[in-house]
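This report refers to the structure that appears directly beneath it.
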Amino acid sequence: MSDRNYIAISLKHSTKDCIMYWGTRTQDNESRCFSGYTANFSNCELYSPDEFYSNYGKKNYPIVDKCSSYSKLRKDYKDRDTVLVKVSDWNKVIEEADKKARYNRAKKGANILSKGDKVVMHTCAEAHHYDGKIWECTSDSWDNYGTELVMLKDFSGGFCTEFLQRVNV
């Protein structure tokens, strides 16, 4: 078990709305980071169980065999400070949570866009400047404090989906 395919989730420092992961990502040839926490899954440290346990022991840090949701993880391991979860399993949990969140935002009327969608701008200052220009979404849209945003090719920063209309080309 020497592959770096596990993350350490701090249940003690996480909340219902903010998951805290151990460490900062290092390269394979660098020493592992066993200090600090991050809320950014993409930047957290990756561990092999062997290297994690050689620093902290097995007793209080279980490997989660199957993880279906964060809430179930918190419930099943409520007496633990930290758990190790396989990255591939955690990716599935995140993807499912994202699908649910996108569905709920669409249900509330948000204009949900996906990477690759073609759109035009309307009813905003930029629409007059870029009249009729077809843009390509370079990301899936996301919620930013109640405003649905998306990245557009050759446009700097997120753009509010409220002012975009999907087009078929």
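Of everything in the range 5-29 that is part of a loop (DSSP other than H, G, I, E, B) and touching a helix residue (DSSP H, G or I) at 6+ places or on another chain (Cβ under 7 Å), the residue that is nearest to LYS72 (Cα to Cα) is LEU11. Checking the stated criteria, VAL119 turns out to be outside any loop (DSSP other than H, G, I, E, B) and over 17 Å from the mean Cα position of the chain (by Cα). If you filter the range 35-93 down to residues that are within 17 Å of LYS12 (Cβ to Cβ) and of a type in the set (Lys, Arg), you find that the one that is nearest to the chain's Cα centre (by Cα) is ARG74.
Filtered by the rule that a residue be in contact (Cβ under 8 Å) with a residue 40 or more places away in the chain and more than 19 Å from the chain's Cα centre (by Cα), the range 5-34 gives a lone residue, LYS12. Residue count for the range 140-163 satisfying the condition of being closer than 25 Å to ALA97 by Cα and surrounded by 16 or more Cβ atoms within 10 Å (Cβ to Cβ): 11. Which one is surrounded by the most Cβ atoms within 10 Å (Cβ to Cβ) among residues in the range 59-89 that are under 21 Å from ASP17 (Cα atoms) and of a type in the set (Phe, Trp, Tyr)? Looking at the filtered set, the residue picked out is TYR70.
Inside the range 113-139, residues that are touching a residue at least 24 places away in the same chain (Cβ under 8 Å) and loosely packed, with under 14 Cβ neighbours inside 10 Å make up a count of 5. Quick check: anything in the range 92-108 at positive phi, part of a loop (DSSP other than H, G, I, E, B) and not aliphatic (A, V, I, L, M)? No: zero hits. Applying a threshold of 7 Å to beta carbon distances and a minimum spacing of six or more residues, or different chains, the list of pairs starting in the range 59-70 at a residue that is assigned by TED's automatic domain parsing to the domain that holds LEU84 and ending at one that is acidic (Asp, Glu) and not in a loop (DSSP other than H, G, I, E, B) reads LYS66/ASP89; CYS67/ASP89.
The values are calculated or read from the model by the stated rules, or taken from the named source; none is laboratory data. Worth saying up front: this structure is predicted, and the values here are computed from it rather than measured. Here Cβ is always computed from backbone atoms with ideal geometry, including for glycine, and neighbour counts include all displayed protein chains.
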